[in-house]
1. Could you check how many residues of the range A:10-30 are surrounded by fewer than 19 Cβ atoms within 10 Å (Cβ to Cβ) and within 14 Å of chain C (Cβ to nearest Cβ)?
2. Among the helices (runs of 4 or more DSSP H) lying completely within the range B:111-209, list those that include at least 3 residues that are touching a helix residue (DSSP H, G or I) at 6+ places or on another chain (Cβ under 9 Å) and closer than 27 Å to residue B:74 by Cβ.
3. Could you pull out the residue among A:54, A:132 that is over 26 Å from residue B:272 (Cβ atoms), part of a helix (DSSP H, G or I) and either at the interface with chain C (Cβ under 10 Å from one of its Cβ atoms) or at pLDDT below 80 (or both)?
4. Scan B:233, B:286 and give me the residue that is out of contact with any strand residue (DSSP E or B) (no Cβ under 7 Å at 6 or more places or on another chain), touching a residue at least 12 places away in the same chain (Cβ under 8 Å) and either part of a loop (DSSP other than H, G, I, E, B) or within 14 Å of chain C (Cβ to nearest Cβ) (or both).
5. Restricting to the range C:256-278, name every residue that is under 21 Å from residue C:537 (Cα atoms) and either within 14 Å of chain A (Cβ to nearest Cβ) or under 21 Å from the mean Cα position of the chain (by Cα) (or both).
6. Checking the structure you have, find out if any residue of the range C:486-496 is away from chain A (no Cβ under 14 Å), touching a helix residue (DSSP H, G or I) at 6+ places or on another chain (Cβ under 7 Å) and within 26 Å of residue A:44 (Cβ to Cβ).
């Protein structure tokens, strides 16, 4: 186990190099000179273009720029945006917010999704089962931005239950609505997985035995059925946590969440290479760790899986 | 487990099973794994109404995509007007000259009303079917091919190949598809088309398929018949293609239908972000939904209709996937 | 100043919460005026794209802050007229050499005096480095010491006469020079700036009506200003301070405005244009602004060369666009159809006096006829494309415009979206773009010379069409040096007559300020430049 973790952590190094290189080349491939954008509709003189390109190393060949960036990173400096802000600071500012949002979304999935899945599983074929299937499937068949707008309009403005956008400091209460929207996207999976798992577990001998011993449903369901059904659900939620950190761009934009996705989108529009590469690389690293956690979770939750090597 | 055990009639090549009362002899209890998965699944599917509803709906959608002009004669992109300008148009639409057509409700010949640009909503939905469906299918193929190939190699060969491919998968998966889309759509600016946008969506979506196939391969390769195959000297590669892969594919087929749904909504999201297909060259539901955001408050019908088309199509594919999943999963079948 | 309002451009995601707010507007009837106005006014704002240094700030957000922290030689009033701020007098006999005298006793907020060197050194510094975004202002306008640009720190022909007097020698005579001096780039800098420009960009020290508060600039969240009690100029702060709040999208800012969470916004998001007046009542603001929008076709594009065919096709396109309809339906009346090449809020606007401006009228019959005449010279094939950047808010009007062209001319016409602004400008700049493209101009200072000089003079920086006409150039230059505004405008109107004949850009419409303020503030006014005039806003605590 220990060596397995060490090995996976060491794999992080080539992943880091590979992803920075890949992302760097991707940003490099986007046509368009970021310098020209800085002047709006005015066209700068060739001298100004040249001077600014030199300032941001845009005149250097691709590999040189890449190594300049890497050199900075190894000194703990993730680069500076064209606006002169430190990327470290931007990440320190935005990352906690995104993390909180993702956490909240996962929590909502855990509570609502698992509960709905449990009821569906226990009353298989009942009205609730069918209703849950249709509602959750409808939720994934709607594009995220439509869902976000409708939620913002209905709950934020018509009903006034939430602030339509996230206020300064991003308090937890403001994050609930965007978290619900994010949670809705994965809800179908959580409900289906829980349901299937509950059905399977319920048929096990130890459950029948528990009932046979005369234990009440109140005790059997949470202790025997639910606990043993959580393996696939937990791993799915862990994976989703990773995805949420990476992919909340649209939702963050609509609800004005000052998070990583929002910042990344602006950086892409600015062609801000150091910022894009740093943000995405951090996301890759986070994702790699989440995946490691998932794999370890498998081992912890299911004793049949062991990591020997 | 329910009271009935899974009992299945084995194929009998000597005589008809019913002949001579041998049926009872042939009826052996078999383990779920060794039965013919596909045939059983089909038998099971035939009896499910959800399968038929979704399949018929999908066939209908495909028909609309192939022959849009059967359903509407109104061009989706030409003759879009913001206001009624002259008597000819006024007579055609049955409203006075000067009426604002942009975001207008239904008029004779235009059952679902007009978009912000004054184009016919119904016609745009019908003509957009092909684009949305093609994007969904092409993405699914790209994801399935890449995911299967890389997942199978990783799972079967294990070791450093496994680690290498899976870490590549981590990288690709963590790259936000908005970044990928901006890069790819910018590079192919002049000839943005369905294939390009499908590539932008699909090229970075394969890792989850690969992960699933890999874990399935890991399970299958422990099974006796794979060991047997290797034991009798069949090459590793050959074993993989003829024994491991076919038996690992079921879950991929299932998640592909969900992925197809995801691709159709992803196309919508890319349009919303401004890196989708150009709206007045390609009709697509995603494009129309993205544009309809502008007038959501004043003309909700412009948003609602393409959303309904998209949701129903996506729902049909997901339901199909659900039923196929149930049919392929012997446990679920047994307990039904 | 850049034309793309950054807030709108950055809001690619923003495009749309078409939803926004019904009936959340509470009506407390304001503060009752008069009384004490010590409240801090909050302003919807975006993170500036550059450090807050006059020589390096060319977008709305940074500009708005600098404008309230610094006092230039002159300042602009709401109607676009100007008056002296830090200067005592600005005089010239020949419009080429200007003598500028400063008011006595002015200080920066760090206590150091504002002297003629504060201006001269700041300008010299700005001119010395081409990596500073506003360097070209000085290089273009002011003559060089010894005749040529040497890139050093004293290359401009500026002379300090005494502590409060300096002279400026211009590259060519300009009667409107004092008008330009109110623009951000000409602000003075204290000596402490040169020690550490980077730190200064994070916490500027100015001489204007406000100074940075203790809290200062919290990146990504807010920037806070308090009144500068030492400022003795004409723009006295009437409130207890300014709180610039960062918003990622216009939609979010608008939602907060309607619920009184922010006091002043710069712009209403497109999707709320149809309802902002009912949401805000008499707190809704709609007025003309110095924004000119057009599309441009480079003369290197096939069928659009500088010849008879190109002229016919440009005129046909112009006649084919129903500006009236697009501004009223797509823009909900928040744009005004263009009547000439400048803007109604700029002095001298008089389309009636310009020959040939009827080429802007919608006339599909005439358009078709002109197009056919051009076809007789060389037949048209293919699709007319109009390029725009998809990260701005342009798709609606571009689609409506190409539809109008398509319906009038009976040719195929489509919008060509570039994913981002940088991509579009790069192809425009490299002259590789193979389509018409959207162009626009937001005036830097209220003078027709600003737009005409930058866009259409032969070889000028932003002449994206590569337009070159000797008659226009001559008329423009004579206009620049004309001693009175009336005479100047006469030349400029003649010059515009030439533009109408050639149509280097096809004028579409003028922008307007569509904005509003909360129930908590009063005396909110927006200037000619679309900026809210913040120092005079009042708010009770």
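The values are calculated or read from the model by the stated rules, or taken from the named source; none is laboratory data. All figures in this text were calculated on a predicted structure; none of them were measured in a lab. FYI the Cβ positions are ideal-geometry reconstructions off the backbone, even for glycines, and counts take in every protein chain you see.
1. Filtering the range A:10-30 down to residues surrounded by fewer than 19 Cβ atoms within 10 Å (Cβ to Cβ) leaves A:10-14, A:16-18, A:21-22, A:25, A:28-29.
Within this subset, residues satisfying the condition of being within 14 Å of chain C (Cβ to nearest Cβ) are A:28-29.
Total meeting the criteria: 2.
2. Working: elements: B:121-157, B:159-174, B:177-187, B:194-202.
By residue number, B:121-157.
3. Details: A:132 fails: either at the interface with chain C (Cβ under 10 Å from one of its Cβ atoms) or at pLDDT below 80 (or both).
None of the others qualify; the one that does is A:54.
4. Numbers: B:233 fails: touching a residue at least 12 places away in the same chain (Cβ under 8 Å).
On inspection, the qualifying residue turns out to be B:286.
5. C:256, C:257, C:258, C:259, C:260, C:261, C:262, C:264, C:265, C:266, C:267, C:268
6. Yes, the range C:486-496 contains a residue that is away from chain A (no Cβ under 14 Å), touching a helix residue (DSSP H, G or I) at 6+ places or on another chain (Cβ under 7 Å) and within 26 Å of residue A:44 (Cβ to Cβ).
Residues checked against (1) part of a helix (DSSP H, G or I); (2) touching a residue at least 12 places away in the same chain (Cβ under 8 Å); (3) farther than 20 Å from residue C:508 by Cβ:
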site: C:302; (1), (2), (3): no, no, yes
site: C:319; (1), (2), (3): yes, yes, no
site: C:331; (1), (2), (3): no, yes, no
site: C:340; (1), (2), (3): no, yes, no
site: C:347; (1), (2), (3): no, yes, yes
site: C:374; (1), (2), (3): yes, yes, yes
site: C:387; (1), (2), (3): no, yes, no
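Every residue, every condition in (1) touching a helix residue (DSSP H, G or I) at 6+ places or on another chain (Cβ under 9 Å); (2) farther than 23 Å from residue C:345 by Cβ; (3) surrounded by fewer than 24 Cβ atoms within 10 Å (Cβ to Cβ), yes or no:
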site: C:426; (1), (2), (3): yes, yes, yes
site: C:441; (1), (2), (3): yes, no, no
site: C:455; (1), (2), (3): no, no, no
site: C:462; (1), (2), (3): yes, no, yes
site: C:470; (1), (2), (3): no, yes, yes
